[in-house]
Amino acid sequence: VGNSSIPAVYRCVNDTDALADRFYLPATPRDLNLLTQAGIGPFGIETKHPAADFDIVATSISYPVLSMSFVKLLTAAGLPARRRDREHDPGGYPMVLVGGLSFGAPEVLAPVADCWWLGEVEDEPANPGIAAVCQRIAAFKASGAWTTDRVGCYADLAREYPFLYFPRFVDVHYASTDRPAAGPAPSKQVIGWSANLPGMVMPLRKRHVRDLDAIAPLDAPPLLYADPALGAGDLEVARGCPAWCSFCALTYRQKPYRQRSVDYTVDYARAMQNNMGSVRLTPFSPDFPMHTQRKALVAALLENVSDEVDASTMRVDDFIADPEFILLQVAGGMDTVTLGVEGNSQRMRDLVGKGTADADICEAVTRGIAAGVRRFKLFMISGLPGEDEGDVYRILKLAKDLADIRESMAQPTVRIQLSWTPLMIEANTPMQWFAPASTSRILGDVFDELRDLGIDFKLGAKAEPNKLLFFQLCHRASRDVGEALVDAMLAADTACWGGVPRTFAQTLERCLRERGFANGSADCFDERAKADMFGWEFIDQGISTELLWVTYLQMREFAEQTDSHSYDTAFT
């Protein structure tokens, strides 16, 4: 419900002659059970039509856990979750369409989705998007082909739009090879792909909006049904990220970086406030301080639209680059800031391309407290390649320095939180060739010392072993791994509110073996060589694979030739 792409699609479709409605996963398992017991499946909140009445049932998958939720919604709607189980009567079912940031590694839902939307959706001049596709489907409906020849309609769409991926038209090929790192049995690996639809352009290519000022702003989004609030004022001011952090798929899949102009954003914000009653404005992008006119933008919003403008999430180096920017943000109401620190040590931060020193973090907290910030949340990643015990314990020195700063500035009520999440090795990043690391338990040893320092700490729920396996496997899923994942999701027969059943890892390992992966998840998680295929190479992200590979080699060499005991000492 916090995903602004959903109302963006909703508006784009409703601007055509089509009708779009929405449905959310009920807030609790109890709510879902009540609907299920009453025989009520997913329905349009405003029209009350059941999901099966629509021509398209769509979702945005930004995080793998949402795959399980979507599979549950399809089955609750009486729709076969698997694409092949809809083949006997394709014209009698809605097209199942999936989009979202996970388009870079789409095979987790290849057995489910009729179509994956690769990239961004809004139409702009000479760059057709979701409205154009909806108009083509409307023409198919008018001719009767949508019912009588649905697969033929899909073929026409696949030929016309290279950003529409129909798994039925792409075959993924496998072979068994000896890979000792994966286990004693022959390892099932992807060896190629081929198109089976004549005239379809390959490789497929992600779509992006070229000029954000050329598309209509989302200034009247539908209110959240479960928790409506008139105070929301989220303003998208840029897309993409000009940084190159090696662990982050977003930075690669959303490139190139684009930003909206100050005048456009002020008009956008004013219209949103008039339409929505928005009091507090939140300009956002993958990293808002990278906007080249950030100070002029915040000042213009404060002067012309609202005296509450708060962009609270940013990189450490951007936060401290300009003292005036911090003061401007606090003047707009910012009292909490979230900083992406990522690595426990300088060594780990340099490994992933963050380059932020302990001194930079201390400066950020010092400046923030002086300006009036009262809560700091520092995001960390555990389990980075080459991380050892010394890297983990290095965080205690930083925590002590931050506690000392707070004490020296006589601000005992300022809260500082360190929040860890395990590394998820994502497709389309330099990390993709590394073998995923097992969960580190060393972090637990430092929690007592953090508590004594008065530093809050949090270990993300993704560290739970069943969930960790599910998330990581989704990021590295090829076609048959996707089949195994869907097998496991259907066997679980549960919705997902951010977790998976406690027996999910066991079920998933069994499903993988039944699909020919004799070593289970080990076939999917061993370290990869340059010639190895993952199973998503038929999608062109617009990023050089050679660049990713060279970065991976540099990271591996760095991890092997440095150590936690001597590296950070050079920065003290």
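A few notes on this one:
- Every pair of residues 6+ apart whose Cβ atoms lie under 9 Å, when the first sits in the range 194-214 and is at positive phi while the second is surrounded by 15 or more Cβ atoms within 10 Å (Cβ to Cβ) and not in a loop (DSSP other than H, G, I, E, B): Gly199/Ala155; Gly199/Ala158; Gly199/Arg159
- Every condition in (1) modelled with pLDDT under 95; (2) part of a loop (DSSP other than H, G, I, E, B) is met by Pro289 except one, and the failing one is (2).
- So Thr421, is it open to solvent by less than 10 Å² (accessible area, probe 1.4 Å), hydroxyl-bearing (Ser, Thr, Tyr) and under 18 Å from the mean Cα position of the chain (by Cα): no
Matching residues to (1) at pLDDT below 95; (2) over 23 Å from the mean Cα position of the chain (by Cα); (3) within 29 Å of Leu418 (Cα to Cα); (4) open to solvent by less than 20 Å² (accessible area, probe 1.4 Å):
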position	(1), (2), (3), (4)
Ser478	no, no, no, yes
Val481	no, no, no, yes
Ala492	yes, yes, no, no
Met533	no, no, no, no
Trp536	yes, no, no, yes
Thr569	yes, yes, yes, no
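- Identity of the residue in the range 118-177, assigned to a helix (DSSP H, G or I) and charged (D, E, K, R), that ends up least open to solvent (accessible area, probe 1.4 Å): Arg150
- Single condition Cys241 does not satisfy, out of (1) in contact with a helix residue (DSSP H, G or I) (Cβ under 6 Å, 6 or more places away or on another chain); (2) within 30 Å of Gln346 (Cα to Cα); (3) assigned to a helix (DSSP H, G or I): (3)
- The range 1-104 holds helices (runs of 4 or more DSSP H) entirely within its bounds, and those carrying 1 or more residues that are closer than 30 Å to Gly535 by Cα map to 5-14, 65-76.
- Odd one out for Gln293 among (1) open to solvent by 10 Å² or more (accessible area, probe 1.4 Å); (2) in contact with a strand residue (DSSP E or B) (Cβ under 7 Å, 6 or more places away or on another chain): (2)
- Qualifying residue in the range 378-396 (condition: modelled with pLDDT under 95 and of a type in the set (Ser, Thr, Tyr)): yes
- Some residue of the range 195-207 being polar (S, T, N, Q), outside any strand (DSSP E or B) and closer than 25 Å to Ala531 by Cβ: yes
- For Met68, the criteria (1) buried (at least 21 other Cβ atoms within 10 Å of the Cβ); (2) farther than 16 Å from Tyr24 by Cα; (3) within 20 Å of the chain's Cα centre (by Cα) hold in every case but one, which is (2).
- The set of residues in the range 13-26 that are surrounded by 13 or more Cβ atoms within 10 Å (Cβ to Cβ) and either acidic (Asp, Glu) or under 22 Å from the mean Cα position of the chain (by Cα) (or both) comprises Asp15, Asp21, Arg22, Phe23, Tyr24, Leu25, Pro26.
- Gly144 over 16 Å from Gly91 (Cα atoms) and of a type in the set (Gly, Ala, Ser): no
- Lone unmet requirement of (1) touching a residue at least 60 places away in the same chain (Cβ under 8 Å); (2) in a helix (DSSP H, G or I); (3) in contact with a Leu (Cβ under 8 Å, 6 or more places away or on another chain) for Ile381: (2)
- Flag if Pro29 is open to solvent by 60 Å² or more (accessible area, probe 1.4 Å), more than 22 Å from Cys153 (Cα to Cα) and within 25 Å of the chain's Cα centre (by Cα): yes
- The range 524-546 residues that are within 18 Å of Ser246 (Cα to Cα), paired with ones that are open to solvent by less than 40 Å² (accessible area, probe 1.4 Å) and among the hydroxyl-bearing types (Ser, Thr, Tyr) (beta carbon under 6 Å, 6 or more apart): Ile543/Tyr252
- Qualifying residue in the range 42-55 (condition: in contact with a helix residue (DSSP H, G or I) (Cβ under 6 Å, 6 or more places away or on another chain) and either acidic (Asp, Glu) or open to solvent by 20 Å² or more (accessible area, probe 1.4 Å) (or both)): no
- Among residues of the range 64-84 that are β-branched (Val, Ile, Thr), those with a beta-carbon under 6 Å from a residue that is open to solvent by less than 40 Å² (accessible area, probe 1.4 Å) and in a helix (DSSP H, G or I) at least six positions away or on a different chain give the pairs Val71/Met489.
- Matching option when the condition is under 30 Å from Glu527 (Cβ atoms) and either at pLDDT 95 or above or more than 29 Å from the chain's Cα centre (by Cα) (or both), among Ala182, Ala113, Ala142: Ala113
The values are calculated or read from the model by the stated rules, or taken from the named source; none is laboratory data. Given the structure is predicted, the values throughout are model-derived calculations rather than measurements. Methodologically, a virtual Cβ is constructed for each residue, glycine included, from the backbone with ideal geometry; neighbour enumeration extends over all protein chains shown. These area figures cover heavy atoms from the full protein model, side chains too; ligands, DNA and RNA do not enter into them. Shrake-Rupley method; radii C 1.70, N 1.55, O 1.52, S 1.80 Å.
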